[in-house]
Structure formats: structure tokens, C-alpha cells
Amino acid sequence: MRVLALLLPLVVLAGCVGPPVVTPVPTPTATPVFASDEEALAAAEEAYAAYVAVEDAIAQEGGLNPQRLKDLVTEDWLTHETDSFAMLAASGRRQLGETTLAHVELQQFDSYMLVAYFCVDFTGTSFVDADGQPVDTNGPDKATIEAAFEVQPEGQLLLSRSELWSQSIC
């Protein structure tokens, strides 16, 4: 009983003590990769133009060797592109001509992601079948694409998404 009488105040006091105070360690803020909107826009335009050039080359060869995109896109987007080009190869079709970028607008960017809109001009392209006969693709002459890029630590942009945007900048 005596022991209980001695321990009771300690137990009560222990219940009154709050949890230990933890002082948060400040986390370093990420240094912006791009110093301005203009710099980010130029990087996006350069990265997307490189992507479109390689994509055109693959389509002109009937969808062969889409792995050429691996240094320009994320792993997930490469899988998407590989599947798309496999369908092109299976169809026996190939592209003639080149796609151009008519206009670019920056949507947003931070140290990890950059999103921009591209007016993609397809008027210089067409498709032919395995016999070289024209194929009607029923596609638009121009389309607005929303493209997202992952910003790599060294500043390189890797395309992670490229989708038709419901609005137009064309």
C-alpha cells in the first residue's frame, strides 16, 4: 500500500506532462529551375518541338522504333506512345510531311512540373497506306494540345502528358 501511495503522485504528475516538444527542422525550398516565364516558355517550346520532330520521324517510318522518344518523355508516357505507334505499324500506314508548332502559351510551372498549351499545325502532314495511297484521317488542320512536363533536377523537361485541350489557342 505504501508503494502505491508513493507511486500515485508520480503517475498523476506523469499524466500532466505533455508530449515532448519537437522543434521542426526547416526544409530547404526548391530553387526555381526557370528564372522567368519567358525562360520556362522557351524551354517548353524547345522540349515539345524536339518531341514532335522525333514523333514525326517515327510516324513517317510507320511507327517503327518508338523507343527513340525515351530521352524526351517519362517512362509512363513512353509506354503510351509505344502502344499508339504499335497500332500505326499494324495499320500499315505512315505519315508524310512534318507537324509544326504555330503558337505556344505557358499555363503554369514550378520546380517540378511545367504545363503549356501548343497550337499544333497538321496542314503539312498526310497519311498513306502500305500501297502509298492517301488515307483520310478526318483530323483537324490545327489542334490545341495541353502538354505537361516533369522538370528534371538538371532542368531537362520530360513530357508526361500530351492531350487535346477542349479550348483553343489556334
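Counting just the residues of segment 143-170 that are of a type in the set (D, E, K, R) and surrounded by 16 or more Cβ atoms within 10 Å (Cβ to Cβ), which one comes out farthest from Thr79 (Cα to Cα)?
First, pick out the residues of segment 143-170 that are of a type in the set (D, E, K, R): 146, 150, 154, 161, 163.
Next, only the ones that are surrounded by 16 or more Cβ atoms within 10 Å (Cβ to Cβ) stay: 146, 150, 161.
Values: Glu146: 19, Glu150: 16, Arg161: 12 Å.
In this case the residue turns out to be Glu146.
Selection over segment 130-161 of residues that are closer than 21 Å to Glu61 by Cα and in contact with a helix residue (DSSP H, G or I) (Cβ under 8 Å, 6 or more places away or on another chain) gives a count of 0.
The set of residues in segment 142-156 being of a type outside the set (S, T, N, Q), more than 19 Å from Asp121 (Cα to Cα) and over 11 Å from the mean Cα position of the chain (by Cα) consists of Pro153, Glu154, Gly155. Pairs meeting the criteria (first residue in segment 32-48 and buried (at least 17 other Cβ atoms within 10 Å of the Cβ), second residue in a helix (DSSP H, G or I) and at pLDDT 95 or above, beta carbons under 6 Å, at least 6 apart or on different chains) are Phe34/Ala40. Scanning segment 118-170 for residues that are over 14 Å from Leu96 (Cα atoms), in a loop (DSSP other than H, G, I, E, B) and hydroxyl-bearing (Ser, Thr, Tyr) returns Ser166, Ser168.
If you take just the helices (runs of 4 or more DSSP H) that sit entirely in segment 1-115, which of them hold at least 1 residues that are modelled with pLDDT under 95 and farther than 30 Å from Gln133 by Cα? Break it down into steps so the answer makes sense when it comes.
On the way: elements: 2-16, 37-60, 75-91.
Because the criterion is at least 1 residues that are modelled with pLDDT under 95 and farther than 30 Å from Gln133 by Cα, the helices (runs of 4 or more DSSP H) in segment 1-115 that meet it are 2-16.
Taken residue by residue, segment 72-80 has no member that is over 23 Å from Asp141 (Cβ atoms), without any contact (Cβ under 8 Å) to a residue 60 or more places away in the chain and in contact with a strand residue (DSSP E or B) (Cβ under 7 Å, 6 or more places away or on another chain).
The values are calculated or read from the model by the stated rules, or taken from the named source; none is laboratory data. Everything numeric here is computed off the predicted structure, so don't read it as measured data. Backbone-built Cβ (ideal geometry, glycine too); neighbour counts: all protein chains shown.
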